[in-house]
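Visitor: First, the structure itself, so that you have it in front of you.
The values are calculated or read from the model by the stated rules, or taken from the named source; none is laboratory data. The structure displayed is predicted, hence computed values, not measured ones. For neighbour counting, all protein chains shown are included, and Cβ atoms are generated from backbone atoms with ideal geometry for every residue, glycine included.
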Amino acid sequence: MIRDVTDLSVYTESLDLIKHLYDLLRKLPKSETDSINQLKRAAKSISANISEGFAKRSSEKEFKRFLKISIGSSDEVVTHFRTIYHAVPRLQKDIENLAIKYKTLSKRINKLHSIWRSDKF
């Protein structure tokens, strides 16, 4: 039974991915400060929007809206990875691996969006 946002695996997964993201960000050169800031903001937005939507889950439409926003933030992370992939070639393998995890997270959030019914949970 889902009683708290921490019972949603997409929420806990998004928090776990932040640890991996920060590990990658520490490897980036100072010249990528703008990308670092954007990536942090977008990654944090994923779990924040899942949490905010969950708080409003009695309104199915509202929760789903926040899930869509979190998908957008996850996709934004992947887009920033694509930029860094070209700017910092030595990190391409690390970026590829983490991008796959964020793409998977987006798919899982989308799946939750498609099956969520407030009267069911």
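Residue-wise test of (1) out of contact with any His (no Cβ under 9 Å at 6 or more places or on another chain); (2) among the basic types (Lys, Arg); (3) under 25 Å from Gly53 (Cα atoms); (4) loosely packed, with under 13 Cβ neighbours inside 10 Å.
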| position | (1), (2), (3), (4) |
| --- | --- |
| Ser73 | yes, no, yes, no |
| His86 | yes, no, no, yes |
| Ile95 | yes, no, no, no |
| Lys101 | no, yes, yes, no |
| Arg108 | yes, yes, yes, no |
| Ser114 | yes, no, yes, yes |
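Visitor: Pick from Ile84, Ile109, Ile95: which is touching a helix residue (DSSP H, G or I) at 6+ places or on another chain (Cβ under 8 Å), among the hydrophobic types (A, V, I, L, M, F, W, C), in contact (Cβ under 8 Å) with a residue 24 or more places away in the chain and closer than 20 Å to Ser47 by Cβ?
Guide: Result of the check over Ile84, Ile109, Ile95: Ile109.
Visitor: Something else now. May I ask you to list the residues in the range 1-59 that are acidic (Asp, Glu), surrounded by fewer than 18 Cβ atoms within 10 Å (Cβ to Cβ) and more than 28 Å from Trp116 (Cα to Cα)?
Guide: If the condition is that a residue be acidic (Asp, Glu), surrounded by fewer than 18 Cβ atoms within 10 Å (Cβ to Cβ) and more than 28 Å from Trp116 (Cα to Cα), then Asp23, Asp34 are the ones that fit.
Visitor: Turning to a different aspect of this structure: Please verify whether the range 64-77 includes one or more residues that are touching an Asp or Glu at 6+ places or on another chain (Cβ under 7 Å) and modelled with pLDDT under 95.
Guide: No: zero hits.
Visitor: Now for a separate question. Kindly provide the set of residues from the range 1-11 that are part of a helix (DSSP H, G or I) and either under 13 Å from Leu98 (Cβ atoms) or in contact (Cβ under 8 Å) with a residue 12 or more places away in the chain (or both), ordered by number.
Guide: Hits for the range 1-11 are Val5, Ser9, Val10, Tyr11.
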